[in-house]
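Participant: Pasting a structure below so you can have a look.
The values are calculated or read from the model by the stated rules, or taken from the named source; none is laboratory data. Just so it is clear, the structure is predicted and the values come from calculations on it, not from any experiment. We place every Cβ from the backbone using ideal geometry, glycine too, and count neighbours over all the protein chains shown. All accessible areas refer to the heavy atoms of the entire protein, side chains included, with ligands and DNA or RNA removed. Shrake-Rupley method; radii C 1.70, N 1.55, O 1.52, S 1.80 Å.
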Amino acid sequence: MDFGPHLLLAVLEGAVGASVLALTALGLSLVFGVMRVVNVAHGEFFMVGAVVAWFVATSVAGHPAIGFLAALVIAPLVAGGIAIVVDRLILKQVEYDPEATIVGTIGVLYILQQSALMIYGPEARPVEPPFNHRIALPWLEWGENGLAFFYPWGLSITSYKLFVIVAAIGILLAFWLVMSRTKAGLIMRATQMDRETAQAFGIPVQRVYSIVFGFGAALAALAAVLIVPIQQAHYLMGGDPLLLSFIVVIIGGLGSVRGTIVAALLVGMSDGIISVFFSPTLSKIIATLLVALVLVFRPQGLFGKKMA
């Protein structure tokens, strides 16, 4: 009798994690898809978004919603701006060589991490959510009068967590519209398919690369702003998002937006359900084993294309 209500709670918790993971992994997948660059510092841009969100939220006076809305705008801009500088100073200088960019982004990882430690400090600090009403979760039970709703004691979720799910869906839809219905999306897709041909048609590939790298970092920072009222901001919080994002893009297929979203749902939902009924460690082990199986039996991922 108790399994059903707790499964509903686990699914909702998993949906929150999957929503944030989809945004984070989407940024990593976009950068690889267009630039063929593996951004090892992607998790640190997530951390930068969380830290900047804390600074903004605590600096803006008034209702917490004002600071949160300001953080939603400022944090992605800061992370995206830093990423553009990294692209110009490091990635462009090594001509986007795969091995060199990995080494370069590892250096960026430590620079951002240690800078956050010096400026922000080692403490984990919370951001107050703009609203946080507790919502009791109903469940159906067969009783003397047939099916009837009842509310298991203590089984609830907050309105902010539901907002995270809805906001992530909205951002993903906006991303799809930009990529499929705008000139900017057409340029990014053309650059992804054939860099030399795009350059021959007058597309400024170097500028596109800078914008894409900044956009990928901004998506990670935006995901961090959404989750930081639930998870406290910390200078070491970039590790798990980076690992899970790599798991997602490997399962979904490197550079595949559709595969990234599907894999994020699979990994995020399973992580939430397994964490509730068993342990978070077990969910990470299962995700890692799933990656190993994908690499053995379908190296290109679920929706990726085989390399010619």
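Participant: Would you calculate a helix-derived [θ] at 222 nm for the chain, using -39,500 (n - 2.57) for each DSSP H run of n ≥ 4 and dividing by the full residue count, to the nearest 500?
Facilitator: So the helix-based figure for the chain works out to -23500 deg cm²/dmol.
Participant: Using only the alpha-carbon atoms, how far is helix 98-120 inclined from the longest principal axis of the chain? Give it as 0 to 90 degrees, nearest 10.
Facilitator: 60 degrees
Participant: Still on this structure: Would you mind classifying segment 186-308 by shape? Square roots of the alpha carbon gyration tensor eigenvalues, ordered a ≥ b ≥ c; an a/c under 1.5 is rounded, otherwise it is prolate if a/b is larger than b/c and oblate if not.
Facilitator: Judged from the Cα gyration tensor, segment 186-308 comes out oblate (a/c at least 1.5, b/c at or above a/b).
Participant: Further question on the same structure: Efficiency by 1/(1 + (r/R0)^6): what FRET value for SER279 and LEU186, r their Cβ-Cβ distance, R0 = 30 Å, to the nearest 0.05?
Facilitator: 0.05
Participant: Take the Cβ-Cβ distance between ALA100 and GLN199 as r, set R0 to 25 Å, and report the resulting FRET efficiency rounded to the nearest 0.05.
Facilitator: 0.75
Participant: Hey, what's segment 184-250 come to in accessible area per residue, 1.4 Å probe, Å²?
Facilitator: The answer is 42 Å² per residue.
Participant: With Cβ to Cβ distances under 15 Å as the rule, what net charge do the other residues near MET47 carry (K, R +1; D, E -1)?
Facilitator: -2
Participant: Which percent of the Cα-Cα distances in segment 1-83 go past 18 Å?
Facilitator: 58 percent
Participant: Express in nm, to one decimal, how much length is gained between SER59 and ARG36 on full extension, taking 0.36 nm for each residue of separation and deducting their alpha carbon distance.
Facilitator: Full extension of this stretch gives 4.5 nm more.
Participant: For the chain, take the longest principal axis of its alpha carbons; what is the angle in degrees between that and the long axis of helix 42-59, to the nearest 10 within 0 to 90?
Facilitator: It works out to around 60 degrees.
Participant: Let me ask you something else. Would you mind checking the tilt of helix 205-227 against the longest principal axis of the Cα atoms of the chain, expressed as 0 to 90 degrees and rounded to 10?
Facilitator: 20 degrees
Participant: On the protein heavy atoms, probe 1.4 angstrom, tell me the percent of accessible surface of the chain carried by carbon and sulfur.
Facilitator: Roughly 70 percent of what the probe reaches on the chain is carbon or sulfur.
Participant: In Å², and per residue, what accessible area does segment 28-75 have when probed at 1.4 Å with the other protein chains present?
Facilitator: On a per-residue basis, segment 28-75 sits at 31 Å².
Participant: Quick one: Cα convex hull volume of segment 24-129, Å³ per residue?
Facilitator: Dividing the Cα hull volume of segment 24-129 by its residue count gives 99 Å³.
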